[in-house]
Amino acid sequence: MGGGMSTVSGTRDFLLPDLGEGLSEAEIVEWRVAVGDVVAVDQTVVEVETAKAVVDVPCPYAGRVVALHGAPGEIRPVGQPLVTIAPLDGGAEPAGHATYREEERAGSGNVLIGYGTGHGGTGRRRRRPRPAATPGPTPSGATAATPATRHPVDAAGTSPSPVSSAALPTLVISPIVRRLARERGIDLAALRGTGPGGVIRRADVEAATATPTTRPTAPEPDAVAPAVGVPDARVGLAPGGQDVVIPLTGIRKAIADKLSRSRREIPEVTIWVDVDATGLLETRAAINAATPDAPVSILALLARVCLSGLRRYPQLNAHVDGVGQRIVQSAGVHLGIATQTDRGLLVPVLRDAQRLTTRELAATLAQTTADARAGTLPPARLTGGTFTLNNYGVFGVDGSTPIINHPEAALLGVGRIVDKPWVVDGQLAVRKVTQLSLTFDHRVCDGGVAGGFLRYVADCVQQPALLVANV
C-alpha cells in the first residue's frame with residue numbers, strides 16, 4: 001500500500017510506490033512540502049522523475065511531516081521511505097486517514113500510481129521552486145548521494161551529517177541546475193548567481209562551462225604553431241581539458257537499455273525510397289485553407305498513410321514473443337511518435353490510432369508531443385506501441401537507418417522535404433522530394449511484405465488520391 005508503521009510511536013513512513021510499467025526506481029526532482037508542514041490525504045508531496053516521465057506523487061496519509069528521505073537529484077528505489085508523517089493532536093488518527101483506509105480496503109490503488117482519490121488537489125501543474133521545500137540546506141557543488149550515503153532529513157530540517165556553514169550561502173533552488181553542474185563538473189560554491197537574491201541559474205552554469213576557471217597543472221610543451229589545416233592535438237574538447245563524465249541515469253539509461261536490447265534481439269533490415277511529396281504538401285495546403293481553424297500537419301497526414309498501410313499489411317503491426325515462440329499481430333494500431341525532448345528521445349503512444357479521423361489525429365499528435373516535451377505524460381502513455389513513425393527530417397537530414405523501438409516490428413522514418421530535380425511526364429522539373437525508410441524485423445515478414453508496405457506508403461505520399469480511395 002506504499003506505507004508502513006515507523007519505530008517512532010504513531011508515525012508512518014510513506015514508501016515510494018510502484019509507479020507502474022515495471023519501474024523500480026525514481027529520481028527526486030522537487031519536494032513540494034517541508035519538514036513541519038501539515039499535509040492532507042492525497043496531497044502531492046514530491047515530484048519524481050522516472051525513466052519514462054515526471055510524476056507528481058501524493059501521500060496517502062494526513063498529518064505533520066517529520067522527515068523527508070532523500071534530496072533533489074537522488075535516486076530512490078521503489079519500496080523505500082519517502083516521507084515520515086506524524087499524526088496530529090498527540091497521536092490521534094489524522095482527519096481523512098480513516099477515509100484513506102476505507103478506500104484501501106475497497107481496492108482504490110490510486111495512491112500507488114500517483115493520481116489522487118479526490119481529497120486534495122493533485123492536478124499536474126508547475127510550481128515555482130521554493131527553497132523551503134527542499135529537505136534542508138544542501139552543500140554547494142554536492143553530487144548525488146550514493147546508496148551508502150543516503151540519509152533522511154530530521155525534524156529540525158537539517159541533515160544528520162555535519163554541514164559546513166560556509167556552504168550555506170550558495171543559493172541553488174533548481175535541481176536541474178544542480179544536475180547540470182554535476183554533469184559538467186562545475187563547483188557551485190565558486191559561482192556567483194545572477195538570479196534574484198544571488199540565486200544560481202542554469203545560464204550561470206553554462207557560462208562557467210564556456211569559461212573554464214581552472215588551468216592544466218602540467219607544464220606546457222614548447223610552443224609550436226600547428227600546420228595550416230591540421231588540428232592542434234593539445235586542444236582538448238572538454239572544458240578545462242578534462243574529461244566530462246555523464247552518468248547513465250534516468251531516461252538516458254532507459255534509452256540506452258532499450259536500444260541495446262533492440263539491437264541484440266531483433267534482426268532488423270532497412271529499405272528506403274525517394275518520393276515526390278509535392279502532392280502531399282498541396283493536399284495539406286488545401287485542407288488547411290478549407291478549415292483554417294483546425295490545421296492538419298504533415299506528420300498527421302503521414303500517420304494517416306501509415307495507418308492505411310498497416311491495414312493492408314498487418315504483419316508489420318506486430319511483435320515477436322520470444323518466450324512463447326510466436327508472432328503476435330495487434331488488433332489495434334498503437335502508433336508511437338518519436339519525439340525529441342529536453343530529457344531525451346521519447347516515444348509517446350496514440351492508442352487505437354486507427355479509430356481517429358485525420359483531424360483528430362492532428363489534434364492528438366499536437367497535444368501529445370507538447371505534453372511529452374513538457375514532461376507531463378504519465379508512464380502508461382510512453383509504452384505499449386505497435387508501430388513507430390519517426391520524422392527525423394526536422395533535424396535537417398535526408399535519411400537514416402533507425403533502430404526499432406523494441407518490441408515493435410517496424411518503424412517508418414521520414415527525411416527532410418527539399419527541392420530536387422524530378423522527372424514528371426518525361427520532363428525534368430523541380431519537386432518537393434523526401435526519403436522514406438522502413439526498418440523492419442525480418443522475423444515477422446520477408447522483403448515482399450516490407451517492400452509492399454513501403455511502396456504503398458510512397459504511392460500515397462506521391463498521389464494522396466490513392467489514400468482517400470482506401471480510407
(request) Could you grab the relative contact order for the range 289-440? Cα pairs under 8 Å, six or more apart, rounded to a whole percent. (result) 20
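Between rounded, prolate and oblate, where does the range 386-439 land on the alpha carbon gyration tensor, with a ≥ b ≥ c its root eigenvalues, rounded for a/c under 1.5, else prolate if a/b exceeds b/c?
prolate
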(request) Quick one: dipole size for the range 387-471, taken about the Cα centre, charges +1 on Lys/Arg Cβ and -1 on Asp/Glu Cβ, in debye to the nearest 20. (result) 160
(request) List every residue whose amide H lies under 5 Å from the amide H of residue 16, counting only residues 5 or more places away in sequence or on a different chain, with H placed 1.01 Å from N in the peptide plane. (result) 79, 80, 82
(message) I need the shape label for the range 369-471. Rule: rounded when a/c is under 1.5, else prolate if a/b > b/c, else oblate, with a, b, c from the alpha carbon gyration tensor.
(response) prolate
(message) Show me the ranking of peptides 458-465, 363-370 by mean Cβ neighbours inside 10 Å, starting with the highest.
(response) 458-465, 363-370
(request) Determine the gain in length on full extension of the stretch residue 206-residue 187; use 0.36 nm per residue of separation and subtract their C-alpha separation, reporting nm with one decimal. (result) 5.6 nm
(message) Principal axis extents for the range 251-389, Cα atoms only, whole Å, descending order, please.
(response) 51, 35, 28
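For the range 264-325, with every protein chain kept in place, what is the accessible area per residue (1.4 Å probe, Å²)?
I get 49 Å² per residue for the range 264-325.
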(message) With the crude spin-label approximation of a point 7 Å out along Cα→Cβ, what separation in nm comes out for residue 422 versus residue 358?
(response) 1.7
(message) For the ranges 292-299, 377-384, what's the packing order if you count other beta-carbon atoms within 10 Å of each residue, average per peptide, and put the highest first?
(response) 377-384, 292-299
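Equivalent-ellipsoid semi-axes (√(5λ), Cα gyration tensor) for the range 306-358, whole Å, largest first?
22, 18, 8
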(request) For residue 24 and residue 311, compute 0.36 nm times the residue count separating them, minus their Cα-Cα distance, and round to one decimal in nm. (result) 99.7 nm
(request) Please identify every one of the chymotrypsin sites (Phe, Trp or Tyr not before Pro) in the range 380-471 that sits in a loop by DSSP and has no more than 14 other beta carbons within 10 Å of its own beta carbon. (result) none
(request) Compare the peptides 318-331, 57-70 by average per-residue count of other Cβ atoms within 10 angstrom and give them in order, highest first. (result) 57-70, 318-331
(message) Expected output is a single nm value to one decimal: the length gained when fully extending between residue 242 and residue 367, i.e. 0.36 nm times separation in residues minus the C-alpha distance. What is it?
(response) 40.8 nm
(message) Placing +1 on the Cβ of each Lys and Arg and -1 on the Cβ of each Asp and Glu in the range 410-471, which of 467, 421, 438 has its Cα farthest towards the positive end of the resulting dipole?
(response) 421
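The values are calculated or read from the model by the stated rules, or taken from the named source; none is laboratory data. All of these numbers come straight from a predicted model, not from anything done at the bench. Here Cβ is always computed from backbone atoms with ideal geometry, including for glycine, and neighbour counts include all displayed protein chains. Just the protein is used for accessible areas: all its heavy atoms, side chains included, with ligands, DNA and RNA removed. Shrake-Rupley method; radii C 1.70, N 1.55, O 1.52, S 1.80 Å.
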